[in-house]
Structures are given as structure tokens and as C-alpha cells.
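The values are calculated or read from the model by the stated rules, or taken from the named source; none is laboratory data. Predicted model, so just to flag it, every value in this text is computed and none were measured. Quick reminder, even Gly has a Cβ in these numbers, built from the backbone with ideal geometry, and neighbours come from all protein chains shown.
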Amino acid sequence: MAHHSKTKAVIQAVVLAAGKGTRMGSDLHKVLHSLAGKPMLAHVLDNLKKLDASNTVVVVGAGREQITNMFPDIKTVIQEEQLGTGHAVLAAKNAIAQDSSVTLVLYGDVPLVSADTMQTLCNKVTQQRCLAVLGFRPKDTLAYGRLITDDTGELERIVEYAEASEAERQEPLCNSGILAGRSDVLFELLARVENDNSKGEYYLTDVVALARDAGYQVVTAEADPLEVTGVNSKDELAKLNSQLAEERDVL
Ligand code: UD1
Ligand code: MG
């Protein structure tokens, strides 16, 4: 197997920022709230720049004019209705080349993923291993989706907290939401995701089981919990801001 000799894959990025962010309790769009002195979305886009992606698409919806005013140069696609994370990525289909490149999915409200972590995740994708999912082991597993692996350590499926059994909720490996996949395969699988679940949403996470059913392998990578902390409320934003300040004091 000549995997080590292959050249770096072309990367395309999809950044999800269409959610309303109701839990922020603010008119300012969620991804524009400031973390360590700059908008959360700017953290994502700046880290992404270091990756040399060939194409970056931001999926926007509610309050999108705030985003395009602050970032006039980004390429956006509109998800008119927020029908779930899978539906949001699918909204970018026409703006993403459907080829053997790697599509990296990022969240506007998960601002601290480093370029190294992004690259490591993308490097795990090969022809047969069509998907790589970024997991983490937080102190408090809260309501995160859980990564269910098989006895060979490959990812079998992701179960959302709402759907998880008591036993599955004991699983310490959580879904960061961030994943990388072969562009053509990812979008083919996404088109087959259904919304027959407790939230009635199209879950991005369902592509894992669909990939396995189609005979592909799915792998995981693990991130430092701080890197994949998501921000859903002002409290969470304040907490992350002070965690970052502490880190700076230690250095
Ligand atoms: C998601 C994952 C969960 C994971 C968690 C990590 C799914 C189904 N679940 O859950 O496994 O543990 O993230 O934080 O993917 N968005 C859109 N359009 C939509 C819905 C969401 O753009 O229609 C965007 C949001 O703006 C946000 C991101 O997608 O940036 C995640 O959405 P959110 O509703 O916060 O997902 P979670 O329930 O947290
Ligand atoms: Mg969330």
C-alpha cells in the first residue's frame, strides 16, 4: 500500500453558520460574538486559511446580512430553513466540486479548532476510508452525540444523545461535529439522510452508518476538548473566554 507516498489531498471547507443561535439571547448573530478579541467565525476562517483550502463555503441562514457585512469576501450559500446539520451541509452541494477532494465540515460556533487538527483529520481520508470524524473526551459529556466504535476501533455510527440508550450515554467518546469526507461520496450519502428521529431533523451524523452500509470504512481522530468546545450561550462564551485567559497566563 503506497498511502504514505500520496500527495496531500485538495481540501474544500464547509462552515456551518445558519443556526439562529436563540440560546445566546442577543440580536448579534451567534458566530459574531467575540472570543479573545475577535468574532468566533473569524477564528474559524483564520485557522482555515493556514490550511490552504481550495474552496471555502459558509452556510448562512437567519441573520445572514450581519455575517456578509462583517465578512464581505466570503463565499456563502443560503440554507433557507434550518432543518438540521445534514441539511445544512447539503445546501452547499452546488458550491463544492463533487470529486475525489476532501470536504471538511466545520461549525461557526466551534471556534478553536487548530489548522493542525484540521489537517490531521483530512489526512485520514482515503478512497476506501471515506469519512473521518473528530471526537473528544470532555470532562462533562453533557448532551453531545456519542461515537460508537466496533471491536476493530473503526467508527460504526454516531448516536445523538436524544436517541441514545442508557448504555450508549456511558460512552465517553463524544462527537465534536467536525468531520472530513471524500467530497463526492459525502454528498451522495447526505442526499440519503432522512429525518425520522426525535427532532425531525436531517442529522449530519447519520452519514456514518450510511457509509458503513455502503461498504466504506470510517475512522476517528481525537481532539483536545478545549479545541472543540462549542458555544451555545453567553455563559458558555464567558467560560471559554476565561479558560483562554487562564491558558495565556500559564504560558
Ligand atoms: C451537533 C451534533 C452532535 C455533536 C454536537 C457538537 C448533529 C445531528 N449533532 O449537535 O452529535 O455532539 O453538534 O457540538 O449534527 N446548523 C445549521 N443549520 C441547521 C442546523 C444547525 O447551519 O439546520 C449549524 C449551527 O449554526 C451550528 C452547527 O450547525 O453551527 C451545529 O448545530 P447545533 O444545532 O448546535 O447541533 P447540536 O445539537 O449541538
Ligand atoms: Mg451545538
Requested in this report: Inspect all residues belonging to the stretch 200-222 and state whether any of them is modelled with pLDDT under 95 and out of contact with any strand residue (DSSP E or B) (no Cβ under 8 Å at 6 or more places or on another chain).
Outcome: no
Query raised in the report: Being within 16 Å of ligand 2 (Cβ to nearest atom), buried (at least 20 other Cβ atoms within 10 Å of the Cβ) and not in a helix (DSSP H, G or I), is that true of even one residue in the stretch 37-55?
Result: no
Requested in this report: Output the number of the condition that residue 149 fails; it satisfies all remaining conditions of (1) surrounded by 18 or more Cβ atoms within 10 Å (Cβ to Cβ); (2) out of contact with any Lys or Arg (no Cβ under 8 Å at 6 or more places or on another chain); (3) among the β-branched types (Val, Ile, Thr); (4) over 19 Å from residue 103 (Cβ atoms).
Outcome: (1)
Requested in this report: Would you mention how many residues in the stretch 206-225 are in contact with a Leu (Cβ under 7 Å, 6 or more places away or on another chain) and within 16 Å of ligand 2 (Cβ to nearest atom)?
Outcome: 1
Report task. Write out, first by first residue and then by second, each pair whose Cβ atoms fall under 9 Å of each other, whose residues are 6+ apart or on separate chains, and whose first residue, in the stretch 98-111, is more than 15 Å from residue 54 (Cβ to Cβ) while the second is within 13 Å of ligand 2 (Cβ to nearest atom) and among the charged types (D, E, K, R). Result -> 108/30; 109/30
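Every residue, every condition in (1) away from ligand 1 (no atom under 11 Å from the Cβ); (2) aliphatic (A, V, I, L, M), yes or no:
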position: 93; (1), (2): yes, no
position: 102; (1), (2): yes, yes
position: 119; (1), (2): yes, no
position: 128; (1), (2): yes, no
position: 131; (1), (2): yes, yes
position: 144; (1), (2): no, no
position: 150; (1), (2): yes, no
position: 168; (1), (2): yes, no
position: 171; (1), (2): yes, no
Report task. Give me the pairs, please: first residue somewhere in the stretch 126-151 and farther than 15 Å from residue 176 by Cα, second residue anywhere and surrounded by 13 or more Cβ atoms within 10 Å (Cβ to Cβ) and of a type in the set (Gly, Ala, Ser), beta-carbon distance under 6 Å, and either six or more positions apart or on two chains. Result -> 130/181; 130/211
Requested in this report: Please determine, by comparing only the residues of the stretch 227-244 that are touching a residue at least 24 places away in the same chain (Cβ under 8 Å) and away from ligand 2 (no atom under 16 Å from the Cβ), which one is farthest from residue 40 (Cα to Cα).
Outcome: 244
Requested in this report: Pairs only if they're at least six apart or on different chains, beta carbon under 9 angstrom, first in the stretch 156-179 and under 18 Å from residue 133 (Cα atoms) and free of Cβ contacts under 8 Å to residues at least 40 places away in the same chain, second near ligand 1 (Cβ under 8 Å from one of its atoms) and aromatic (Phe, Trp, Tyr); list them, first residue then second.
Outcome: 161/144; 168/161; 174/144
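One line per residue, one yes/no per condition, for (1) of a type outside the set (S, T, N, Q); (2) more than 19 Å from residue 134 (Cα to Cα); (3) within 15 Å of ligand 1 (Cβ to nearest atom); (4) crowded, with 17+ Cβ neighbours inside 10 Å:
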residue: 62; (1), (2), (3), (4): yes, yes, yes, yes
residue: 79; (1), (2), (3), (4): no, yes, yes, yes
residue: 88; (1), (2), (3), (4): yes, no, yes, yes
residue: 105; (1), (2), (3), (4): yes, no, yes, yes
Report summary line: Subset of the stretch 215-239, residues exposed (fewer than 13 other Cβ atoms within 10 Å of the Cβ) and small (Gly, Ala, Ser), comes to 215, 238
Query raised in the report: So residue 200 clears everything in (1) surrounded by fewer than 21 Cβ atoms within 10 Å (Cβ to Cβ); (2) on the phi < 0 side of the Ramachandran plot except one condition, right? Which one?
Result: (2)
Requested in this report: List every residue pair whose Cβ atoms lie under 6 Å apart, where the two residues are 6 or more positions apart in sequence or sit on different chains, the first residue falls within the stretch 13-36 and is closer than 14 Å to residue 63 by Cα and away from ligand 2 (no atom under 11 Å from the Cβ), and the second residue, located anywhere, is small (Gly, Ala, Ser) and not in a loop (DSSP other than H, G, I, E, B).
Outcome: 18/61; 18/88; 29/63; 31/17
Query raised in the report: Just checking, how many residues over the stretch 147-197 are touching a Cys at 6+ places or on another chain (Cβ under 6 Å), closer than 12 Å to residue 220 by Cα and of a type in the set (Lys, Arg)?
Result: 0
